[in-house]
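The values are calculated or read from the model by the stated rules, or taken from the named source; none is laboratory data. Note that the structure is a prediction, hence the values are computed from the model and not measured. We place every Cβ from the backbone using ideal geometry, glycine too, and count neighbours over all the protein chains shown. Heavy atoms of the whole protein, side chains included, go into the accessibility calculation; ligands, DNA and RNA do not. Shrake-Rupley method; radii C 1.70, N 1.55, O 1.52, S 1.80 Å.
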Amino acid sequence: MDVGNMQSFDVSGLQLALAERQSEMPAHSKTGLPCVVPDPDNKPISFDQFGKLGVINPDVQRQTIEALLTGPSPPVEKCTKPEFIRLAPPLHVAEDELVWMNPIEPDHHVSWDATMCVTNSAGAEVRRLMVRAFKSPLVLHDQQRLLGELEKDPKLVYHIGLTPAKLPDLVENNPLVAIEVLLKLMQSNQITEYFSVLVNMEMSLHSMEVVNRLTTAVDLPSEFIHLYISNCISTCETIKDRYMQNRLVRLVCVFLQSLIRNKIIDVKDIFIEVQAFCIEFSRIREAAGLFRLLKTLDNGEQPSPGAAK
(Lines give C-alpha, C1' and ligand atoms only; values in the text may rest on other atoms or scores of the structure.)
Protein backbone atom coordinates (compact mmCIF):
# COMPACT_ATOMS: atom_id res chain seq x y z
CA MET A 1 0.00 0.00 0.00
CA ASP A 2 1.33 3.42 -0.92
CA VAL A 3 1.01 5.65 2.17
CA GLY A 4 3.01 8.58 0.86
CA ASN A 5 -0.01 10.45 -0.50
CA MET A 6 -2.32 9.79 2.56
CA GLN A 7 -3.71 12.86 4.38
CA SER A 8 -2.42 13.43 7.91
CA PHE A 9 -4.84 14.01 10.84
CA ASP A 10 -4.38 15.75 14.23
CA VAL A 11 -5.08 13.18 16.95
CA SER A 12 -3.63 15.19 19.87
CA GLY A 13 -7.11 15.86 21.28
CA LEU A 14 -7.93 12.18 21.19
CA GLN A 15 -4.67 11.34 22.93
CA LEU A 16 -5.38 13.94 25.64
CA ALA A 17 -8.87 12.55 26.25
CA LEU A 18 -7.40 9.05 26.39
CA ALA A 19 -4.81 10.15 28.95
CA GLU A 20 -7.47 11.79 31.15
CA ARG A 21 -9.63 8.70 30.96
CA GLN A 22 -6.73 6.46 31.88
CA SER A 23 -5.87 8.66 34.91
CA GLU A 24 -9.36 8.03 36.33
CA MET A 25 -9.03 4.27 36.07
CA PRO A 26 -7.92 2.22 39.08
CA ALA A 27 -4.32 1.07 39.25
CA HIS A 28 -5.05 -2.58 38.55
CA SER A 29 -7.02 -1.60 35.40
CA LYS A 30 -4.20 0.55 34.02
CA THR A 31 -1.77 -2.34 34.32
CA GLY A 32 -3.68 -4.37 31.73
CA LEU A 33 -2.06 -5.20 28.37
CA PRO A 34 -4.08 -5.23 25.12
CA CYS A 35 -4.63 -8.56 23.50
CA VAL A 36 -3.76 -7.12 20.03
CA VAL A 37 -0.11 -5.99 19.68
CA PRO A 38 1.57 -4.66 16.50
CA ASP A 39 4.01 -6.90 14.66
CA PRO A 40 6.74 -4.85 12.93
CA ASP A 41 7.82 -7.82 10.82
CA ASN A 42 5.73 -7.86 7.61
CA LYS A 43 5.83 -11.45 6.52
CA PRO A 44 4.55 -12.39 3.01
CA ILE A 45 1.26 -14.14 3.10
CA SER A 46 1.14 -15.10 -0.63
CA PHE A 47 3.48 -16.18 -3.36
CA ASP A 48 3.26 -12.80 -5.14
CA GLN A 49 4.56 -10.91 -2.08
CA PHE A 50 7.89 -12.71 -1.82
CA GLY A 51 10.72 -10.25 -2.44
CA LYS A 52 8.37 -7.21 -2.39
CA LEU A 53 8.73 -5.13 0.81
CA GLY A 54 5.77 -3.06 2.06
CA VAL A 55 3.26 -4.81 -0.15
CA ILE A 56 0.16 -6.03 1.78
CA ASN A 57 -2.82 -7.82 0.35
CA PRO A 58 -5.78 -5.44 0.84
CA ASP A 59 -8.27 -8.29 1.11
CA VAL A 60 -6.33 -9.91 3.91
CA GLN A 61 -5.91 -6.52 5.59
CA ARG A 62 -9.66 -5.88 5.50
CA GLN A 63 -10.47 -9.31 6.87
CA THR A 64 -7.99 -8.85 9.67
CA ILE A 65 -9.40 -5.44 10.66
CA GLU A 66 -12.98 -6.73 10.57
CA ALA A 67 -12.04 -9.71 12.76
CA LEU A 68 -10.40 -7.41 15.32
CA LEU A 69 -13.11 -4.73 15.46
CA THR A 70 -16.40 -6.54 14.91
CA GLY A 71 -18.33 -9.27 16.65
CA PRO A 72 -20.10 -9.55 20.01
CA SER A 73 -16.76 -9.48 21.85
CA PRO A 74 -14.13 -7.95 19.57
CA PRO A 75 -10.50 -8.78 20.46
CA VAL A 76 -9.48 -5.12 20.33
CA GLU A 77 -11.58 -4.48 23.47
CA LYS A 78 -9.96 -7.26 25.43
CA CYS A 79 -6.90 -6.97 27.55
CA THR A 80 -4.80 -9.08 29.83
CA LYS A 81 -4.75 -7.93 33.48
CA PRO A 82 -2.79 -9.27 36.39
CA GLU A 83 -4.90 -11.42 38.72
CA PHE A 84 -6.07 -9.47 41.74
CA ILE A 85 -5.66 -11.91 44.60
CA ARG A 86 -8.00 -11.37 47.54
CA LEU A 87 -7.15 -13.18 50.72
CA ALA A 88 -10.00 -15.03 52.35
CA PRO A 89 -10.93 -13.38 55.68
CA PRO A 90 -10.12 -15.47 58.75
CA LEU A 91 -12.99 -17.14 60.56
CA HIS A 92 -14.15 -15.37 63.72
CA VAL A 93 -13.76 -17.71 66.66
CA ALA A 94 -15.46 -16.82 69.94
CA GLU A 95 -16.31 -19.18 72.76
CA ASP A 96 -19.51 -17.34 73.67
CA GLU A 97 -20.78 -17.00 70.10
CA LEU A 98 -23.97 -18.74 69.10
CA VAL A 99 -23.24 -21.87 67.09
CA TRP A 100 -25.28 -22.12 63.92
CA MET A 101 -26.88 -25.53 63.68
CA ASN A 102 -28.14 -26.79 60.37
CA PRO A 103 -31.26 -28.92 60.77
CA ILE A 104 -30.82 -32.40 59.43
CA GLU A 105 -34.44 -33.51 59.70
CA PRO A 106 -36.13 -33.57 56.28
CA ASP A 107 -39.55 -32.53 57.58
CA HIS A 108 -40.15 -29.09 59.06
CA HIS A 109 -43.32 -28.13 60.86
CA VAL A 110 -44.47 -24.53 61.29
CA SER A 111 -45.53 -23.65 64.83
CA TRP A 112 -48.56 -21.40 64.98
CA ASP A 113 -49.58 -19.26 67.94
CA ALA A 114 -53.32 -19.71 68.01
CA THR A 115 -53.75 -16.96 70.61
CA MET A 116 -52.16 -14.25 68.46
CA CYS A 117 -54.50 -11.43 67.45
CA VAL A 118 -57.28 -12.98 69.55
CA THR A 119 -59.23 -10.49 71.63
CA ASN A 120 -58.53 -10.95 75.35
CA SER A 121 -61.95 -10.71 76.92
CA ALA A 122 -60.69 -11.84 80.33
CA GLY A 123 -59.04 -8.47 81.03
CA ALA A 124 -62.22 -6.57 80.22
CA GLU A 125 -64.27 -8.90 82.40
CA VAL A 126 -61.88 -8.51 85.35
CA ARG A 127 -61.98 -4.72 85.06
CA ARG A 128 -65.78 -4.82 84.99
CA LEU A 129 -65.86 -6.95 88.14
CA MET A 130 -63.35 -4.67 89.87
CA VAL A 131 -65.54 -1.62 89.19
CA ARG A 132 -68.36 -3.43 90.98
CA ALA A 133 -66.04 -4.62 93.76
CA PHE A 134 -65.18 -1.01 94.65
CA LYS A 135 -68.86 -0.18 95.15
CA SER A 136 -70.49 -3.24 96.70
CA PRO A 137 -69.75 -6.83 97.81
CA LEU A 138 -69.51 -9.34 95.00
CA VAL A 139 -71.57 -12.49 94.96
CA LEU A 140 -69.64 -15.70 95.48
CA HIS A 141 -69.68 -16.64 91.79
CA ASP A 142 -68.27 -13.29 90.63
CA GLN A 143 -65.70 -13.28 93.40
CA GLN A 144 -64.43 -16.73 92.47
CA ARG A 145 -64.33 -15.77 88.80
CA LEU A 146 -62.33 -12.62 89.55
CA LEU A 147 -59.83 -14.44 91.74
CA GLY A 148 -59.55 -17.24 89.18
CA GLU A 149 -58.62 -14.84 86.36
CA LEU A 150 -56.01 -13.16 88.59
CA GLU A 151 -54.58 -16.56 89.44
CA LYS A 152 -54.23 -17.45 85.74
CA ASP A 153 -52.50 -14.18 84.88
CA PRO A 154 -50.90 -12.48 87.92
CA LYS A 155 -49.73 -9.54 85.77
CA LEU A 156 -53.35 -8.70 85.12
CA VAL A 157 -53.44 -7.06 88.56
CA TYR A 158 -51.58 -4.07 87.11
CA HIS A 159 -54.36 -3.41 84.58
CA ILE A 160 -57.55 -3.71 86.65
CA GLY A 161 -57.83 -0.05 87.65
CA LEU A 162 -56.73 -0.40 91.26
CA THR A 163 -54.99 2.61 92.84
CA PRO A 164 -53.98 3.33 96.45
CA ALA A 165 -56.89 5.77 96.75
CA LYS A 166 -59.39 3.02 95.84
CA LEU A 167 -57.96 0.43 98.25
CA PRO A 168 -60.15 1.39 101.27
CA ASP A 169 -63.34 0.84 99.24
CA LEU A 170 -62.10 -2.55 98.10
CA VAL A 171 -61.12 -3.55 101.65
CA GLU A 172 -64.51 -2.63 103.10
CA ASN A 173 -66.60 -4.24 100.35
CA ASN A 174 -64.48 -7.26 99.36
CA PRO A 175 -61.68 -7.99 101.86
CA LEU A 176 -60.82 -11.38 100.33
CA VAL A 177 -60.28 -9.77 96.91
CA ALA A 178 -58.19 -7.03 98.55
CA ILE A 179 -55.98 -9.65 100.21
CA GLU A 180 -55.28 -11.52 96.97
CA VAL A 181 -54.67 -8.31 95.04
CA LEU A 182 -52.20 -6.98 97.63
CA LEU A 183 -50.34 -10.29 97.68
CA LYS A 184 -49.87 -10.07 93.92
CA LEU A 185 -48.73 -6.45 94.24
CA MET A 186 -45.94 -7.25 96.70
CA GLN A 187 -43.30 -6.81 93.98
CA SER A 188 -44.80 -3.53 92.78
CA ASN A 189 -42.97 -0.27 93.40
CA GLN A 190 -46.25 1.14 94.77
CA ILE A 191 -46.69 -1.43 97.53
CA THR A 192 -45.46 1.08 100.15
CA GLU A 193 -48.23 3.48 99.13
CA TYR A 194 -50.82 0.70 99.45
CA PHE A 195 -49.49 -0.15 102.93
CA SER A 196 -49.63 3.50 103.96
CA VAL A 197 -53.26 3.79 102.88
CA LEU A 198 -54.15 0.52 104.62
CA VAL A 199 -52.56 1.68 107.89
CA ASN A 200 -54.24 5.07 107.92
CA MET A 201 -57.72 4.00 106.83
CA GLU A 202 -60.51 3.78 109.35
CA MET A 203 -60.19 0.69 111.51
CA SER A 204 -62.80 -1.98 110.92
CA LEU A 205 -63.26 -5.71 111.02
CA HIS A 206 -62.44 -6.00 107.33
CA SER A 207 -59.29 -3.89 107.49
CA MET A 208 -58.10 -5.91 110.49
CA GLU A 209 -58.84 -9.12 108.60
CA VAL A 210 -56.79 -7.93 105.63
CA VAL A 211 -53.83 -6.96 107.80
CA ASN A 212 -53.98 -10.21 109.76
CA ARG A 213 -53.99 -12.31 106.59
CA LEU A 214 -51.12 -10.31 105.12
CA THR A 215 -48.99 -10.77 108.23
CA THR A 216 -49.39 -14.56 108.06
CA ALA A 217 -48.78 -14.75 104.29
CA VAL A 218 -45.78 -12.44 103.81
CA ASP A 219 -43.18 -10.64 105.88
CA LEU A 220 -44.52 -7.15 106.36
CA PRO A 221 -42.27 -4.31 107.55
CA SER A 222 -42.29 -4.13 111.36
CA GLU A 223 -42.84 -0.36 111.32
CA PHE A 224 -46.01 -0.90 109.29
CA ILE A 225 -47.39 -3.38 111.83
CA HIS A 226 -46.48 -1.17 114.81
CA LEU A 227 -48.12 1.86 113.20
CA TYR A 228 -51.28 -0.11 112.50
CA ILE A 229 -51.43 -1.31 116.12
CA SER A 230 -51.00 2.26 117.37
CA ASN A 231 -53.81 3.45 115.10
CA CYS A 232 -56.09 0.65 116.33
CA ILE A 233 -55.44 1.53 119.97
CA SER A 234 -55.97 5.23 119.26
CA THR A 235 -59.28 4.51 117.53
CA CYS A 236 -60.52 2.47 120.49
CA GLU A 237 -59.60 5.27 122.88
CA THR A 238 -61.29 8.07 120.93
CA ILE A 239 -64.56 6.42 119.89
CA LYS A 240 -67.59 7.74 121.80
CA ASP A 241 -70.11 4.97 121.20
CA ARG A 242 -69.71 2.57 124.13
CA TYR A 243 -71.07 -0.43 122.27
CA MET A 244 -68.82 0.12 119.25
CA GLN A 245 -65.89 0.79 121.57
CA ASN A 246 -66.29 -2.55 123.35
CA ARG A 247 -66.66 -4.34 120.02
CA LEU A 248 -63.51 -2.78 118.58
CA VAL A 249 -61.53 -3.45 121.75
CA ARG A 250 -62.43 -7.14 121.53
CA LEU A 251 -61.35 -7.23 117.89
CA VAL A 252 -58.05 -5.50 118.65
CA CYS A 253 -57.31 -7.86 121.54
CA VAL A 254 -57.96 -10.96 119.42
CA PHE A 255 -55.85 -9.44 116.64
CA LEU A 256 -52.92 -8.73 118.99
CA GLN A 257 -53.11 -12.20 120.52
CA SER A 258 -52.90 -13.70 117.02
CA LEU A 259 -49.82 -11.61 116.19
CA ILE A 260 -48.13 -12.51 119.47
CA ARG A 261 -48.85 -16.23 119.34
CA ASN A 262 -47.68 -16.45 115.71
CA LYS A 263 -44.52 -14.54 116.70
CA ILE A 264 -45.13 -11.96 114.01
CA ILE A 265 -44.27 -9.14 116.40
CA ASP A 266 -41.90 -8.90 119.32
CA VAL A 267 -43.80 -8.21 122.53
CA LYS A 268 -40.95 -6.07 123.87
CA ASP A 269 -41.47 -3.52 121.09
CA ILE A 270 -45.12 -2.87 121.99
CA PHE A 271 -45.23 -3.98 125.65
CA ILE A 272 -45.74 -0.58 127.29
CA GLU A 273 -48.35 0.65 124.81
CA VAL A 274 -50.35 -2.57 124.81
CA GLN A 275 -50.14 -2.90 128.59
CA ALA A 276 -51.61 0.57 129.05
CA PHE A 277 -54.35 -0.35 126.57
CA CYS A 278 -55.22 -3.50 128.52
CA ILE A 279 -55.35 -1.64 131.83
CA GLU A 280 -57.61 1.06 130.39
CA PHE A 281 -60.10 -1.53 129.10
CA SER A 282 -59.62 -4.14 131.82
CA ARG A 283 -63.41 -4.39 132.20
CA ILE A 284 -63.50 -6.29 128.91
CA ARG A 285 -62.66 -9.98 129.18
CA GLU A 286 -60.48 -10.09 126.03
CA ALA A 287 -58.38 -7.16 127.30
CA ALA A 288 -57.82 -8.91 130.63
CA GLY A 289 -56.80 -12.09 128.82
CA LEU A 290 -54.34 -10.14 126.65
CA PHE A 291 -52.88 -8.54 129.81
CA ARG A 292 -52.28 -11.98 131.34
CA LEU A 293 -50.60 -13.11 128.13
CA LEU A 294 -48.26 -10.11 128.26
CA LYS A 295 -47.34 -10.81 131.87
CA THR A 296 -46.70 -14.46 131.11
CA LEU A 297 -44.32 -13.58 128.28
CA ASP A 298 -42.70 -10.84 130.34
CA ASN A 299 -41.84 -13.39 133.04
CA GLY A 300 -40.21 -15.61 130.41
CA GLU A 301 -42.88 -18.32 130.61
CA GLN A 302 -44.50 -20.07 127.68
CA PRO A 303 -48.20 -19.19 127.35
CA SER A 304 -50.67 -22.02 127.71
CA PRO A 305 -53.44 -22.45 125.12
CA GLY A 306 -56.02 -20.99 127.54
CA ALA A 307 -53.87 -18.23 129.00
CA ALA A 308 -55.59 -15.44 127.09
CA LYS A 309 -59.14 -16.54 127.79
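In the range 199-294, what GluC sites (Glu not before Pro) fall in a loop by DSSP, with at most 10 other Cβ atoms inside 10 Å?
Glu202
Work out from phi, with θ = phi - 60° and the Karplus expression 6.51 cos²θ - 1.76 cosθ + 1.60, the ³J(HN,Hα) of each residue of the range 160-167, listed in order in whole Hz, and give x for Gly and Pro.
Couplings: 9, x, 7, 10, x, 5, 8, 4 Hz.
If you take the beta carbon distance between Arg21 and Asp59 as r and set R0 to 51 Å, what does 1/(1 + (r/R0)^6) give as a FRET efficiency, to the nearest 0.05?
Between Arg21 and Asp59 the formula returns 0.90.
List, in order, the whole-Hz ³J(HN,Hα) value for each residue of the range 278-293 obtained from phi through the Karplus relation with A = 6.51, B = -1.76, C = 1.60 and θ = phi - 60°; use x for Gly and Pro.
5, 5, 4, 10, 5, 5, 8, 4, 5, 5, 5, x, 5, 5, 5, 5
Rank these by accessible area, largest first, 1.4 Å probe: Ile239, Ile260, Ile65.
I get Ile65, Ile239, Ile260, largest accessible area first.
Just flag the trypsin sites (Lys or Arg not before Pro) in the range 212-256 sitting in loop per DSSP whose Cβ has no more than 10 other Cβ atoms within 10 Å. Display every interim value, and only then the final one.
Details: sites: Arg213, Lys240, Arg242, Arg247, Arg250; in loops: Lys240.
Filter output for the range 212-256: Lys240.
Given a 1.4 Å probe and heavy atoms of the protein chains only, how would you sort Cys79, Cys236, largest accessible area at the top?
Descending accessible area places them as Cys79, Cys236.
Report the Stokes-Einstein translational diffusion coefficient (µm² s⁻¹, integer) for the range 159-309, Rh taken as the Kirkwood radius over Cα pairs, at 37 °C with viscosity 0.692 mPa s.
This corresponds to a translational diffusion coefficient of 203 µm²/s.
Roughly speaking, to the nearest percent, how much of the range 178-309's 1.4 Å accessible area is carbon and sulfur?
49 percent
For Cys79, which sequence-distant residues (separation of 5 or more, or a different chain) have an amide H within less than 5 Å of its own amide H, given hydrogens modelled in the peptide plane?
HN-HN under 5 Å from Cys79: Cys35.
Need the C-alpha centroid separation for the range 249-283 versus the range 149-218, integer Å.
The two parts, judged by their Cα centres, are 24 Å apart.
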